[in-house]
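The values are calculated or read from the model by the stated rules, or taken from the named source; none is laboratory data. A quick note: this is a predicted structure, and the numbers were derived from the prediction, not measured. Positions of Cβ are backbone-derived with ideal geometry, glycine not excepted, and every protein chain shown enters the neighbour counts.
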Amino acid sequence: MTPTRAHTLALACTLAAMPAAFAGKLPDCPEAVTPVVLVKGQGILESLVFDPAGRLLYNDTSAKALKVVARSGAEPAVLAGDLAEGGGLALGPQNDVYMGLGNGLGGLLPQLAQGRIVRIALDTGAVTPYAKGLSMANGVARAPDGTFYASDDLADSLDRVLPDGTVQRGWIKRNGNGLALSPDGRTLYMNQSLPAKVLAIDTTTAQVRTVATAPDAQSLVFIDGLTRDDSGRLYSAAFLAGQLWRIDADTGAICVLARGMPFISSVTPGKPGQGFSATSLYTATFAGKIYELPGVLAPR
């Protein structure tokens, strides 16, 4: 979701969701935790990921920058700037990270092809173009073979970029937000924001199935970022609810792992090495905060 439409969308969805919000609650997970604030005072944060060195990277759309927290407790620093309408982040294979751009109202009309992906070198912050002509690039995921997927949460257009650079705009006619791939790259999981559900897409056949559907009382919470853990469980950021949901990909059961994170937009597993924990999840919000959910993942 982008800051240019965030206030309008949040207000509209909040008003629509208010009656449903009190109609019932999802259960807490047995391992539910209270989130701990790690970083605050930032802008609108769209996505975050850990790099191979264990540094925390995040997309501050207010600052039009990719920022880095070099170690737990360190002050954030700008790694790369002049990145307007930033969207998803996906690690690359050569000490680099890829960011989606054009994550704005142009996504209403995929045919405008305003989305693109850039490569950012992790050692220098140098930005180079990678792909253009996408619908939006809200969520971005990279498969082991180098294929990229880019979502559009305003229109029915999930795009694919082949390893040779060929852009297949509207590869699947589905609206989506956060993306997460299985380790073999054969299954792409995608959040459908409204009504809230998680989809699984066979990347070979393009067949789509529903993994989990939010109950009616939670269908308008606008699920945003998505990730998976080593055991295959999914974690979805419920934006308007301020919650992180854990989803069993086999049964579709949903429980709330953490509450109290207003306008949560993204989630990623931690990495050791710089004072962060591989057994924690980390989340970012449009309220300018990054949280740690300690001890919710099995040791790796």
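If only residues of segment 22-74 that are β-branched (Val, Ile, Thr) and surrounded by fewer than 14 Cβ atoms within 10 Å (Cβ to Cβ) are counted, the one that is farthest from residue 86 (Cα to Cα) is 34.
Taking the listed residues 198, 208, 267, the one that is farther than 26 Å from residue 44 by Cα and either modelled with pLDDT of 95 or more or not hydroxyl-bearing (Ser, Thr, Tyr) (or both) is 208, with no other qualifying. In segment 44-61, the residues that are on the phi > 0 side of the Ramachandran plot and in a strand (DSSP E or B) form no Cβ pair under 8 Å with any partner that is surrounded by fewer than 21 Cβ atoms within 10 Å (Cβ to Cβ) and of a type outside the set (Lys, Arg), whether six or more places apart or across chains. Given the criterion more than 20 Å from the chain's Cα centre (by Cα), of a type outside the set (Val, Ile, Thr) and not in a strand (DSSP E or B), identify the matching residue among 163, 129, 144. The match here is 163.
Just to be sure, is residue 215 out of contact with any Phe, Trp or Tyr (no Cβ under 6 Å at 6 or more places or on another chain) and modelled with pLDDT under 95? Criteria met by residue 215.
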